[in-house]
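First comes the structure, then the notes that go with it.
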Amino acid sequence: MQTVSEKKAVKLNGFFALLMIFILIALDVILFISGVRANDPSFLWYFFPITFLIIISLAGLITVQPNDSRVIIFFGSYSGTVRETGFWWINPFTIKRKVTLRIRNFNSDKIKVNDLRGNPIEIAAVIVWRVFDTSRAVFDVDNYEEFVAIQSETAIRSLTSEYPYDGEEDKASLRGSPQEIAEALQKQVQSRLEIAGVEVVEARISHLAYAQEIAQAMLRRQQAEAIVAARQKIVEGAVGMVESALLALSQQNIVQLDEDKKATMVNNLMVALVSEREMQPVINTGTLYQ
């Protein structure tokens, strides 16, 4: 495929061109008045060509606003692009196609796709983009706006299949590594839109959730994982507290415990500390018969 590179178009100052048009109008009016007064129809040989030239010249005047451009096409051939803001005059026989250079957003629809583990999820993203090469945007693709939409959704699907929804702490995941996912998405979209002369300024996931058919099951799994993690922390804390209690009793010689009594004490403390319900203490005041 032949790629067209952007180049500057030949243009004239619009105010200078407008002055020339006014001069032609004044000349045309003088010719008309002189011909009518002299009753000489030969002036028409000059009047009509000049009138036609004035009308055609007016079609060459264009105004380019900031962050705007005009792609100039002369009988099917690319003549260049006008990016400079201001009032200009271009060959009136050319097609002047407007291409905006402003930053634009593409909000993708929520699409259903499988993640790395095969779980169906719903995902959507926001792509911030702008045109950096007007010739590619006009000539290398049929409709660059539609091209951005289709290729962005394709990149989102491709990226989703490379990462799990949830992952371990040391591994990237769609939910746990938003910055890394955003950078990877931007690279994927940019590689696909380069051919259209489009620059991706930023790409972010705007919606991420499990698909409706597995949402409840995944919610229960997440709750179970959270409970297991919490219980693990509780057990670790309880073990540390029991160890500190036994060490303090031993160092301060408060009471001498044999191995059986230590085991009983550890059992009671662990039950009291780890239990989810509030424990009721039982005080042993000694036996009735010594």
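The values are calculated or read from the model by the stated rules, or taken from the named source; none is laboratory data. Worth saying up front: this structure is predicted, and the values here are computed from it rather than measured. For neighbour counting, all protein chains shown are included, and Cβ atoms are generated from backbone atoms with ideal geometry for every residue, glycine included.
Residues in segment 74-97 that are in a strand (DSSP E or B) and free of Cβ contacts under 8 Å to residues at least 40 places away in the same chain: 74, 77, 95, 96.
Taking each residue of segment 24-37 that is over 19 Å from residue 58 (Cβ atoms) and in the same structural domain as residue 50 (by TED's automatic domain parsing) and looking for partners that are assigned to a helix (DSSP H, G or I) and among the hydrophobic types (A, V, I, L, M, F, W, C) with beta-carbon atoms closer than 9 Å, six or more apart or interchain, yields 34/43; 35/43; 35/44; 35/47; 36/43.
Of the residues making up segment 33-40, at least one is assigned to a helix (DSSP H, G or I) and hydroxyl-bearing (Ser, Thr, Tyr).
Here is a check on your reading of the model: is residue 26 at pLDDT 90 or above, touching a Phe, Trp or Tyr at 6+ places or on another chain (Cβ under 6 Å) and outside any strand (DSSP E or B)?
no
Given the structure, is residue 206 at pLDDT 90 or above, loosely packed, with under 14 Cβ neighbours inside 10 Å, out of contact with any His (no Cβ under 6 Å at 6 or more places or on another chain) and not in a helix (DSSP H, G or I)? Answer is yes for this residue.
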